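Colleague: Input: one structure, supplied below.
Just so you know, all these numbers are worked out from the coordinates, no wet-lab data involved. The structure displayed is predicted, hence computed values, not measured ones. Counting neighbours? That spans all protein chains shown, and the Cβs are built from the backbone with ideal geometry, glycine included.
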Amino acid sequence: MINLLRAFLVRDDPEYQAFVDKYQARSLGAKAFYLFMHLVPGLLLYLLINVPPVYRFALHTTGLSDTMLQGWSLLAIVFLWHLAVPLLSLRWIDKLTFRESIAFLSLRQFDTKGLFVVMPLVFVVGTLSTLPYLKYLFPVVSDRIAAIPALNPPVYSIFRDPTVFYGLFPAWFLAIGFVGNFLCEELYFHGYLMKKIGYLGPWAWVVNSLLFGLYHVWQAPTTWALIGPVFLFGLLMQWRKNLYPLIAFHFLVNIIWSAILGALT
């Protein structure tokens with residue numbers, strides 16, 4: 001039964017494993033570096049938005065409004081950082097061509113079964129199994145995290161209340177943000193960094209998922225309270241070894257789980 005279930009859920013991909021074996025971090029310094037790189041973009045956003053002296057300096061220097069400074073800062077990280085760092089690193093550090101980089105990021109092959117069968121199943125089962133957590137534990141955990149001053153977004157933060165975020169920007173701005181959120185984050189965390197920490201073996205997806213959740217430090221009360229369900233991202237990548245199901249899963253989680261949270265809390 002277990003073998004049948006594994007055969008149904010898991011996609012074996014020799015190319016994926018070959019990339020892991022060849023390009024994973026090897027020296028102690030490189031191993032620490034790629035672990036820390038999971039957190040760097042989130043820490044940059046946290047520094048710029050959640051640290052008032054830095055935020056006031058950025059406002060004064062750029063002349064932008066509160067909303068636009070935070071919005072452009074978010075786009076710079078979720079779109080530019082998450083897209084540019086993997087592609088430039090693979091080209092200039094790992095010496096891969098663009099085509100090889102696309103393969104490294106698990107985008108060259110299209111996983112039809114993963115996208116249309118396994119991913120919806122994981123999403124439905126994951127959503128149903130976490131409903132009690134979302135209703136009863138999420139508010140408590142979120143309040144506990146928000147009680148820590150350093151993890152409670154300042155009153156001016158547009159990320160303090162996720163329900164109002166989408167009404168602050170024009171459609172074209174949100175469209176770029178969506179691409180950054182659903183595509184570029186997946187490129188960075190599960191397409192790129194998860195292979196770089198392949199030296200962790202079967203624990204790579206666990207550590208990758210944990211750090212992916214912690215990366216959202218600038219909006220910690222909401223995202224950190226979802227630290228349990230976030231492991232579904234790494235698990236789905238471990239099973240399918242393809243980024244297309246992850247992109248769709250990320251889209252569904254952000255849209256549908258946000259609606260569920262709004263209805264339950």
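Colleague: Among the aspartates and glutamates, select those whose C-alpha is under 19 Å from the C-alpha of Lys31, and discard any that sit fewer than 8 residues away in the same chain.
Modeller: Of all the aspartates and glutamates, those that pass the test against Lys31 - Cα under 19 Å, at least 8 places apart if same chain - are Asp21, Asp94.
Colleague: Per DSSP H run of n ≥ 4, the term is -39500 (n - 2.57); total these for the chain, divide by its residue number, and report the mean residue ellipticity at 222 nm rounded to 500 deg cm²/dmol.
Modeller: Helix-only estimate at 222 nm: -16000 deg cm²/dmol.
Colleague: Could you give the size of the charge dipole of the stretch 15-264 about its Cα centre, using +1 on the Cβ of each K and R and -1 on the Cβ of each D and E, expressed in debye and rounded to the nearest 20?
Modeller: Here the stretch 15-264 has a charge dipole of around 480 debye.
Colleague: Still on this structure, I have one more. Return the loop-located trypsin sites (Lys or Arg not before Pro) in the stretch 92-124 (DSSP other than H, G, I, E, B) with at most 10 other Cβ atoms within 10 Å of their own Cβ; answer none if there are none.
Modeller: Those satisfying the criteria are Lys95.
Colleague: Gain in length, Asp66 to Asp13, computed as 0.36 nm per residue apart minus the alpha-carbon separation, to one decimal in nm?
Modeller: Contour length minus the Cα-Cα distance gives 14.5 nm.
Colleague: Let me have the relative contact order for the chain, percent, based on Cα pairs under 8 Å that are six or more residues apart.
Modeller: 34
Colleague: Further, regarding this structure: Dipole of the chain (Lys/Arg Cβ +1, Asp/Glu Cβ -1, origin at the Cα centre): which of Phe79, Ile260, Leu210 lies farthest to the positive side?
Modeller: Of Phe79, Ile260, Leu210, it is Leu210.
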